[in-house]
């Protein structure tokens, strides 16, 4: 549940693509294209979303790693599924690279496990 200008909204965490700091508020960008302005600073939003697949890429952005389409660590940008391009700060580049490498390894292990399962069952 997120407190916003209209009261309290129930938002599925998986529907959040990214969160952007706007002064003392957080603007949530959702998968359906809608935005919600939450009455919460980004640091508090980061604590609420900790351990749920969100990474701080910049002092003004949190990104749902499941929504990353492409990243370019030499240009320090991330492209999301909704075509938004988000900057990665130089200070956070190493941490982001590590998290994305872990995610890639997990995905490849899952894919290999699924393929092995299909081979065994045929």
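The values are calculated or read from the model by the stated rules, or taken from the named source; none is laboratory data. The model shown is predicted, which means the values in this text are computed figures rather than measured ones. Neighbour counts are summed over all protein chains in view; Cβ atoms, including those assigned to glycine, are modelled from backbone coordinates with ideal geometry.
Annotations for the structure displayed:
- Of all positions in the range 28-50, none carries a residue that is touching a helix residue (DSSP H, G or I) at 6+ places or on another chain (Cβ under 7 Å), under 20 Å from residue 103 (Cβ atoms), in contact (Cβ under 8 Å) with a residue 12 or more places away in the chain and not in a loop (DSSP other than H, G, I, E, B).
- Matching residues, the range 52-65, being assigned to a loop (DSSP other than H, G, I, E, B), at pLDDT 90 or above and within 20 Å of residue 31 (Cβ to Cβ): 52
- Residue, modelled with the lowest pLDDT, within the range 66-101, restricted to residues that are surrounded by 19 or more Cβ atoms within 10 Å (Cβ to Cβ) and part of a helix (DSSP H, G or I): 96
- Among residues of the range 1-27, those that are in a strand (DSSP E or B), out of contact with any helix residue (DSSP H, G or I) (no Cβ under 7 Å at 6 or more places or on another chain) and over 17 Å from residue 92 (Cα atoms), counted: 10
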